[in-house]
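> Before anything else, here's the structure in question.
The values are calculated or read from the model by the stated rules, or taken from the named source; none is laboratory data. Treat the numbers as computed from the prediction; the structure is a model and nothing was measured. Neighbour counts run over all protein chains shown; Cβ positions are idealised from the backbone, glycine included. Calculation scope for accessible area: heavy atoms of the full protein, side chains included, ligands and nucleic acids excluded. Shrake-Rupley method; radii C 1.70, N 1.55, O 1.52, S 1.80 Å.
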Amino acid sequence: MFREMRRFKQQLEKAECLEILKKEVRGVLSVLGDDDYPYGIILDHWYNEKDGKLYFHGAPVGHKIDSIKKHDKVSYVVHDQGYRKEGDWALNIKSVVVFGRAKIVEDKEKQKEICTELCKKFTDDEEYIKKELANALARVCCIELTPEHITGKLVNES
């Protein structure tokens, strides 16, 4: 169902893909938008190692939410900051593409867990996290992405 990577020598092992999803804080979620135009939006994410799913949060209305309700197949792209080998100008970037199905999270406790874990990616200030949850949790929408295929590669920009 999913294509094999054409440049297979650059392919990352699945474990390395998962490490990138855990470490990096944001990527681009692409949905099938209005009039079937692709729509990509930068989002923060949390990769839950326990269930192998990605989670996002945002406003409960808008283009992204309408698109997911209409068509649940999505892709999500994440890349690391890259590195340069000593004495080389070219940047080496690792990227991951997740194909899967997205749905709105209805469970309030799960929403609280998602928002808490997303906050922890940016700060360990417990007071700030409590304040943020008290102020925003009631008006947030959380999205769950169940991966069907994950692939990654290392690209050298030279």
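> Just give me the residues in the range 59-93 being of a type outside the set (Val, Ile, Thr), modelled with pLDDT of 95 or more and either in a helix (DSSP H, G or I) or open to solvent by 90 Å² or more (accessible area, probe 1.4 Å) (or both), in sequence order.
63, 64, 66, 67, 69, 70, 73, 79, listed by residue number.
> Related question: Mind telling me which of the residues 145, 137 ends up being open to solvent by less than 50 Å² (accessible area, probe 1.4 Å) and not in a strand (DSSP E or B)?
Exactly one residue qualifies, and that residue is 137.
> How many residues does the range 1-58 contain that are part of a strand (DSSP E or B) and either under 18 Å from the mean Cα position of the chain (by Cα) or over 20 Å from residue 156 (Cα atoms) (or both)?
So the first thing to find is which residues in the range 1-58 are part of a strand (DSSP E or B), and the list is 11, 26-32, 38-44, 46-48, 53-58.
Next cut, either under 18 Å from the mean Cα position of the chain (by Cα) or over 20 Å from residue 156 (Cα atoms) (or both) only: 26-32, 38-44, 46-48, 53-58.
Going through the range 1-58 one residue at a time, the tally reaches 23.
> How about the range 117-134: which of its residues are open to solvent by less than 40 Å² (accessible area, probe 1.4 Å) and more than 30 Å from residue 12 (Cα to Cα)?
Listed by number, the residues that qualify are 129, 133.
> When you check residue 157 against the structure, is it modelled with pLDDT under 95, acidic (Asp, Glu) and farther than 23 Å from residue 14 by Cβ, yes or no? If you could, list the steps in order and put the result at the bottom.
Details: modelled with pLDDT under 95: yes; acidic (Asp, Glu): yes; farther than 23 Å from residue 14 by Cβ: yes.
Taking the combined requirement at face value, the residue satisfies it.
> If I ask for residues that are open to solvent by less than 20 Å² (accessible area, probe 1.4 Å) and in contact (Cβ under 8 Å) with a residue 60 or more places away in the chain, which ones from the range 30-44 would you list? First the steps, then the outcome.
Here is the first cut: in the range 30-44, the ones open to solvent by less than 20 Å² (accessible area, probe 1.4 Å) are 31, 33, 43.
The one that is open to solvent by less than 20 Å² (accessible area, probe 1.4 Å) and in contact (Cβ under 8 Å) with a residue 60 or more places away in the chain: 31.
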